[in-house]
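Pasting a structure here, questions to come.
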Amino acid sequence: MVSGDGLLIRVKPFGGRLTAADLRAIAGAAGTFGNGVVELTNRGNLQLRGLTADSAPHAAAALVAAGLADLDADREARRNVIAEPPWNDALVAQVEALLMATPGLPPKFCVAVGATIRRVDRLKEPSRVAEDTMRRLADIPSPAGMAEFLPDHLLIGVPFGQADAAALIRLADLLGDAILRTTALRAFHLPGHHDPAPYAAAGFITEPDDPRRSISACPGAPFCASASVSARADAARLAQRGLRGIHVSGCAKGCAHPRAAPTLVGRDGLYDLVRHGRADDPPNATGLTIEEAAALLEAA
Ligand code: SF4
């Protein structure tokens, strides 16, 4: 896909599972062929950014060679499965296989799988193939072997959904033989008891009350061509001041949080403030630096 900072490649880990070797392969492709930025999406995918027309095929080949994508681009495009807790690996594998073996599925057809098949995303356009597939999905018996959502685990959050290749390598080094699962929380789930300190030192969020968990921010500049502000860097500054529950949007589109909140909206390199609303609502104050905006939010 084309984005503001070049081409973007989305990695969809099979079964939502990632080993240390997988993380190193993703970090290697991101650092060698992209700009080193890796995003964790709210569908549990990882996005490599800043690729070029020349480098993207090399990155794709490296990811296929590492077993992180199917060689057949059409099969890979149809493999849209969100694995949710409590994970049922056998069921996820069956759903992935069914989607990959079904030519003609609309590109946005996506299935969420937890203990059972939870949800099939609605499609705007009617599609006979999709309706047939939904019937076939409903016929899959729930296999045994469901993984427990273990109460003892560490949730490793990625600040504003964005990490870099070096952080993923540090995470791989800490992981050893363990297997991470992606989640829709822009966080990795690591089963078992673990000291959170090394993960926090590696740049990840491990505390449930970390202010960064409650702030939404889109990629902003330089990652999106519509942005004139560095939304995620500015969101980090708000979090350092202890502000919570804010939405920082690179422009009035409001991609990161399409709901009402105290919202800063980038415009011409400065911010407009919507005290409580969506990014495209009329602002209460305009033309603010991030420090001025933070002061207004603190005073509220
Ligand atoms: S809100 Fe605007 S700047 Fe941010 S990602 Fe969406 S289009 Fe880009």
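The values are calculated or read from the model by the stated rules, or taken from the named source; none is laboratory data. Owing to the predicted nature of the structure, the values given are computational and were not obtained by experimental measurement. A quick note on method: Cβ atoms are made from the backbone with ideal geometry, for glycine too, and the neighbour counts reach across all protein chains shown. Protein only, heavy atoms only, side chains kept; ligands, DNA and RNA dropped before computing areas. Shrake-Rupley method; radii C 1.70, N 1.55, O 1.52, S 1.80 Å.
Going toward the positive end of the dipole of the chain, with +1 on Lys and Arg Cβ and -1 on Asp and Glu Cβ, which of His276, Ser228, Pro198 do you reach last?
His276
Now for a different question. Suppose each label sits 7 Å from its Cα in the direction of the beta carbon; what would the Val64-Glu291 distance come out to in nanometres?
About 5.2 nm, to one decimal.
Here is a follow-up. For the chain, what is one quarter of the convex hull surface built on the Cα atoms, given in nm²?
16.2 nm²
How big is the antiparallel share of DSSP beta bridges in the chain, given as a percent to the nearest 5?
80 percent
For region 16-166, what is the accessible area per residue in Å², given a 1.4 Å probe and the full set of protein chains?
For region 16-166, the solvent-accessible area averages 47 Å² per residue.
Let me ask something else about it. Using a 1.4 Å probe on the protein heavy atoms, what percent of the accessible area of the chain belongs to carbon and sulfur?
The C+S portion of the solvent-accessible surface of the chain is 56 percent.
Would you tally the net charge around Arg10, using a Cβ to Cβ cut-off of less than 12 Å, leaving Arg10 out, and scoring K and R as +1, D and E as -1?
+2
If you don't mind, another one. Quick check on region 114-264: of the DSSP beta bridges with both residues there, what percent are antiparallel, nearest 5%?
Looking only at bridges with both residues in region 114-264, the antiparallel portion is about 65 percent.
Here's another thing I want to ask about it. Order the following by accessible area, largest value first: Ser216, Ser249. Probe radius 1.4 Å; ligands, DNA and RNA are ignored.
Result of the area sort, largest leading: Ser216, Ser249.
Something else: Taking the Cβ-Cβ separation of Arg119 and Asp152 as r and a Förster radius of 45 Å, what is the calculated FRET efficiency to the nearest 0.05?
0.95
Where does the chain land at 222 nm, in deg cm²/dmol rounded to the nearest 500, when only DSSP H runs of n ≥ 4 count, each adding -39500 (n - 2.57), divided by all residues?
Helices in the chain give a 222 nm mean residue ellipticity of -9000 deg cm²/dmol.
Test of the criteria: in region 240-300, which trypsin sites (Lys or Arg not before Pro) are in a DSSP loop and have at most 11 other Cβ atoms within 10 angstrom of their Cβ?
Arg259
Quick one: how many Å² of Met134 are accessible to a 1.4 Å probe, rounded to 10?
80 Å²
Exactly which trypsin sites (Lys or Arg not before Pro) in region 78-141 are in a DSSP loop and have at most 13 other Cβ atoms within 10 Å?
Answer by residue number: Lys108, Arg122, Lys124.
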